[in-house]
Amino acid sequence: MPSLIRLQKQMPEIVVLAVDFNDDDSSYRQFVADNHIDLLTIRDASQKSNLAFGSTRPPETYIIDPKGRIRRKFIGAQDWTSPEIKNYLRNL
């Protein structure tokens, strides 16, 4: 999560949206507060987005282009500020 926060600050022209699938609203809000999550976040207790995207092993990250198409899926933690990833995002 810290790497995604850094990416959002370095590339404000993109939108990083963090989706939580926890069914406990207070736990979700506590996690966001305790970890200083400075990103757009939502809680999807119904897990409809999880099912729609076929997420099975969080954390998973989807790169969605400006037309709404999924361009790439990452499973697990990444260095979101690496030159390779930032270059990939710039070229979408």
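Data overview
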read-out	value
Filter result for the condition that a residue is touching a helix residue (DSSP H, G or I) at 6+ places or on another chain (Cβ under 8 Å) and closer than 23 Å to Arg90 by Cβ, over Ile5, Ile14, Ile64, Ile37	Ile14
Among residues of segment 40-92, those that are surrounded by fewer than 10 Cβ atoms within 10 Å (Cβ to Cβ) and under 14 Å from the mean Cα position of the chain (by Cα), counted	2
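Rundown of residues vs (1) modelled with pLDDT of 90 or more; (2) out of contact with any strand residue (DSSP E or B) (no Cβ under 8 Å at 6 or more places or on another chain), yes/no style:
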site: Asp34; (1), (2): yes, yes
site: Ile42; (1), (2): yes, no
site: Gln47; (1), (2): no, yes
site: Ala52; (1), (2): no, yes
site: Ser55; (1), (2): no, yes
site: Thr81; (1), (2): yes, yes
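The values are calculated or read from the model by the stated rules, or taken from the named source; none is laboratory data. The structure presented is a predicted model; accordingly, all values stated were derived computationally and were not measured. Because the Cβ atoms are built from the backbone with ideal geometry, glycine has one as well, and the counts that use them run over all protein chains shown.
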